1. Name the strands (runs of 3 or more DSSP E) wholly within region 37-94 that hold at least 1 residues that are free of Cβ contacts under 8 Å to residues at least 24 places away in the same chain?
2. Would you confirm whether any residue within region 121-132 is free of Cβ contacts under 8 Å to residues at least 60 places away in the same chain, assigned to a strand (DSSP E or B) and among the small types (Gly, Ala, Ser)?
3. Could you check region 415-458 and list, in sequence order, the residues that are under 23 Å from residue 237 (Cβ atoms) and among the hydroxyl-bearing types (Ser, Thr, Tyr)?
4. Given the conditions (1) in contact with a Gly (Cβ under 8 Å, 6 or more places away or on another chain); (2) closer than 20 Å to residue 360 by Cα; (3) not aliphatic (A, V, I, L, M), which single one is not true for residue 413?
5. Go through 484, 459 for me and flag whichever is surrounded by fewer than 20 Cβ atoms within 10 Å (Cβ to Cβ), under 24 Å from residue 252 (Cβ atoms), under 18 Å from the mean Cα position of the chain (by Cα) and polar (S, T, N, Q).
6. Which residues, taken from region 233-247, are within 18 Å of residue 143 (Cβ to Cβ) and part of a loop (DSSP other than H, G, I, E, B)?
7. Filter region 440-457 down to the residues that are in contact with a Ser or Thr (Cβ under 8 Å, 6 or more places away or on another chain) and aliphatic (A, V, I, L, M) and list them by number.
Amino acid sequence: MATIRAYSWLVLVALSALVSHEFLQAQIDAPVGIFEHHGDVGTVLHAGSVDYDGGKKIYTISGSGENMWSTVDAFQFVWKKMSGDVSLSADIGFLTRTGNEHKKAVLMLRQSLDGDSVYADVALHASGLTSLQFRGEKGAMTREVQSNLSGPKRLRIVKRGDYVYMALGAEAVHPAGGWLRIPLQGSFYVGLGVCSHDKDVVEQAVFSNVELTQPAASSGESVLYSTLETVDVDSADRRVAYLARGRFEAPNWTRDGKEFLFNRDGHLDRLPVSGGVPAKIDTGFATRLNNDHGISPDATQLAISDNSQGDHESLVYLAPIGGGTPRRITQKSPSYWHGWSPDGKTLAFVGQRNDDFDIYTIPAAGGEETKLTTAKGLDDGPEYSPDGKYIYFNSERTGHMQIWRMKADGGEQEQVFSDELNNWFPHISPDGKWMVFLTYGADVKGHPENKDVMLRLMSLADRKITALAKLFGGQGTINVPSWSPDSKQVAFVSYMLIPPESK
């Protein structure tokens, strides 16, 4: 009889557990406002939860998890499965100021509920840092584009076609960076998430004024935005320095590390690295500058390429660093500046002579030009190594664009490496350890704008190459020297093409 009672008790316990599990599962699977389900993604020590106030349409999400970063995530997620174009917006705030400064509240697009899934999110950190985070391949490292806005009230993530971007603001939101190709296939998960960034803690965030829409296809012309970004060569983290509607190009980093220079509408603009409003540099009669410009080693002069005079073909000029009347250097056109010898005495440029583009040098004081390359096909982008021994350049003499170098006098021309991609504009770090360059796909001819490209980094010690950043850009992204003086960061321009109804 005791055996029967014990067995009955075990059956009751098992049934109770089953009912509890089914009840819990029903609660998890129940709709939550405009979303379908919620649950923890990845491994968490403390289960998350969601409280939805239907009257106020407010979601209070509790989440644990060690992090949403690196190759795997752990967080509480409230989601809906969708496909096609998506826009998700919300006002976000944390319930407490305590806890890890990198606890995150996110708007997310995610391929699957696996911890290492492909995803993109707009993440608000407790510190105020706001970034577009993304993992482009399952199990790959997470990367991010950090906004230059701290602690915005309203956040939005938008998917248009294959591209994702973020928009931020106090009330109305505005494009804030991104336009990244994220390979979300078929249906995917769209929703809200919270991660405590501390596996032993549960944190809460409030999401209000949540809007989830599917933008209609647009037949209008997309709106172009340009974003000046920096990327750290150790972490590969990207940060927005300045974003504006329209096109600007080719950032230089000043020798003291305090400012950027870039060209826009035929002029040069100066922008503090710390942020602010760009100011135009006076270049006198030179009002049709292109994206081939740079700063002298002693930081007293600007080299510019301008086509406002004569036959309106590009000529190289020098002007005072603070602005002023330019002094003409090249007598023949077209000529495009690209490099300055470390001793300040010689300029390297590209010149089209007799229907062929080759690399030339000319004294900075003025004088005769000297031709350094004679190979058929385009030679472009000459830049001196910091020790002045070499000039690095790109050449299509092998049939597609590759990186080459030669002695400063043009001797011993050699290919630096070989691959099937098209590589442009080598820039050597001030410490001589790294080369960054622009890479197009194998099928791209020339260096056009508005393409999916990469910035790649080569260690000159062992010639190992890594992908530093994948972006939408090309022409204007990194035409000129743009290393920070400490060799830790590179400045570049990425672009966004936003359909008009998503402004």
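The values are calculated or read from the model by the stated rules, or taken from the named source; none is laboratory data. If you're wondering where the values come from, they're calculated on a predicted model, not measured in any experiment. All Cβ positions, glycine included, derive from the backbone under ideal geometry; neighbour counts span all protein chains shown.
1. 49-53
2. Looking for residues that are free of Cβ contacts under 8 Å to residues at least 60 places away in the same chain, assigned to a strand (DSSP E or B) and among the small types (Gly, Ala, Ser), one finds at least one in region 121-132, hence yes.
3. The answer is 429, 439.
4. Only one criterion in (1) in contact with a Gly (Cβ under 8 Å, 6 or more places away or on another chain); (2) closer than 20 Å to residue 360 by Cα; (3) not aliphatic (A, V, I, L, M) is unmet by residue 413, namely (1).
5. After applying the criteria, what remains is 484.
6. 233, 234, 235, 236, 237
7. Within region 440-457, 453, 454, 455, 457 qualify.
A quick yes/no check of all residues on (1) touching a helix residue (DSSP H, G or I) at 6+ places or on another chain (Cβ under 6 Å); (2) crowded, with 23+ Cβ neighbours inside 10 Å; (3) of a type outside the set (Ser, Thr, Tyr); (4) under 12 Å from residue 130 (Cβ atoms):
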| position | (1), (2), (3), (4) |
| --- | --- |
| 148 | no, no, yes, yes |
| 151 | no, no, yes, yes |
| 156 | no, no, yes, yes |
| 161 | no, no, yes, no |
| 164 | no, yes, yes, no |
| 167 | no, yes, yes, yes |
| 171 | no, no, yes, no |
| 179 | no, yes, yes, no |
| 185 | no, no, yes, no |
